[in-house]
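Accompanying notes for the structure given below.
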Amino acid sequence: TQLLEQSPQFLSIQEGENLTVYCNSSSVFSSLQWYRQEPGEGPVLLVTVVTGGEVKKLKRLTFQFGDARKDSSLHITAAQPGDTGLYLCAGATSGTYKYIFGTGTRLKVLA
Amino acid sequence: ETGVTQTPRHLVMGMTNKKSLKCEQHLGHNAMYWYKQSAKKPLELMFVYSLEERVENNSVPSRFSPECPNSSHLFLHLHTLQPEDSALYLCASSQQRGRGVYNEQFFGPGTRLTVL
């Protein structure tokens with residue numbers, strides 16, 4: 001069974017701090033996506049990474065796909081209250097319809 | 001309307017009721033999905049429709065019955081549900097670009113279902 005473990009599960013930090021969220025698996029994925037979900041809403045896609053070692057930046061967010069395509073990280077610089085939400089990673093395997101979702105990291109940024 | 005829409009946003013039903021959830025995508029995609037999101041659990045894939053054909057049925061109880069009349073619409077028919085079925089039900093769509101190759105998924109806002 002493919003699993004994606006995210007850590008930490010919960011994170012509460014002050015505005016301006018940096019943080020990193022990890023997404024780990026023993027399985028290889030052809031692509032990996034990161035989403036942010038706010039209460040009462042569906043997940044919103046932030047980024048897709050497809051190449052081992054790939055790094056993508058989205059303003060203050062930096063995403064990295066592991067060299068072996070089994071893990072990924074999300075780094076937020078100078079967090080702001082608007083970054084508060086549930087962060088989900090999802091791995092896809094080519095040749096299947098399935099996206100395996102991670103356990104989620106709930107982030108709260110205090111003003 | 002843009003993106004993926006879902007109705008109703010909230011639903012409370014008794015165990016003997018029959019109700020339906022509706023999803024509509026305005027993105028021109030050819031694949032649609034139903035997910036269940038429960039507290040403290042990862043998103044669980046329930047059903048996948050590709051080109052209006054069901055291609056995945058992830059061991060979902062028969063009290064959940066999907067319907068995909070065309071590539072833009074997806075329904076989830078509910079009957080004789082249990083309290084443990086209370087959850088956020090999310091619809092998503094994506095574009096199939098080749099055999100088994102799917103582009104990113106875009107989610108709707110979800111239907112918050114409570115079964116009494």
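Laboratory data are not the source of any read-out in this text; all were calculated from the coordinates shown. Keep in mind that this is a model prediction, so the values were computed, not measured. Neighbour counts run over all protein chains shown; Cβ positions are idealised from the backbone, glycine included.
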- Task: Please give every one of the lysines within straight-line cross-link reach of residue A:70, meaning a C-alpha to C-alpha distance under 27 Å, and leave out same-chain neighbours fewer than 8 residues apart.
- Result: A:56, A:57, A:59, A:98, A:108, B:36, B:40, B:41
- Item | B:50, B:59, A:12, A:72 arranged by Cβ crowding within 10 Å, fewest neighbours leading | B:59, A:12, B:50, A:72
- Let me know the shape class of segment B:11-89, please: from the alpha-carbon gyration tensor, a ≥ b ≥ c as square roots of the eigenvalues, rounded when a/c is under 1.5, otherwise prolate if a/b is greater than b/c, or oblate. prolate
- How many times 2.2 N^0.38 Å is the alpha carbon radius of gyration of segment A:9-64? 1.28
- Item | Estimated Rh, the protein assembly as shown: Kirkwood, alpha-carbon pairs, angstrom | 18.1
- Message: Return the unpartnered cysteines for chain B, using a Cβ-Cβ cut-off of under 4.7 Å.
- Response: B:68
- Item | FRET efficiency, residue A:38 to residue B:116 (Cβ-Cβ, R0 30 Å, nearest 0.05) | 0.70
- Item | Euclidean distance between Cα centres, segment A:39-99 to segment B:54-116, Å | 23
- Note on the structure: When A:29, B:106 are ranked with the fewest other C-beta atoms within 10 Å first, the list becomes B:106, A:29
- Item | Surface/4 estimate of mean projected area, convex hull on alpha-carbon atoms of chain A, nm² | 6.6
- Item | Which of A:34, B:42, A:77, positive extreme of dipole for the protein assembly as shown (C-beta unit charges) | B:42
- Task: Just flag the trypsin sites (Lys or Arg not before Pro) in segment A:39-93 sitting in loop per DSSP whose Cβ has no more than 15 other Cβ atoms within 10 Å.
- Result: A:59, A:60
- Query: For B:62, B:71, what ranking results if the residue with the fewest other Cβ atoms within 10 Å of its Cβ goes first?
  - Reply: B:62, B:71
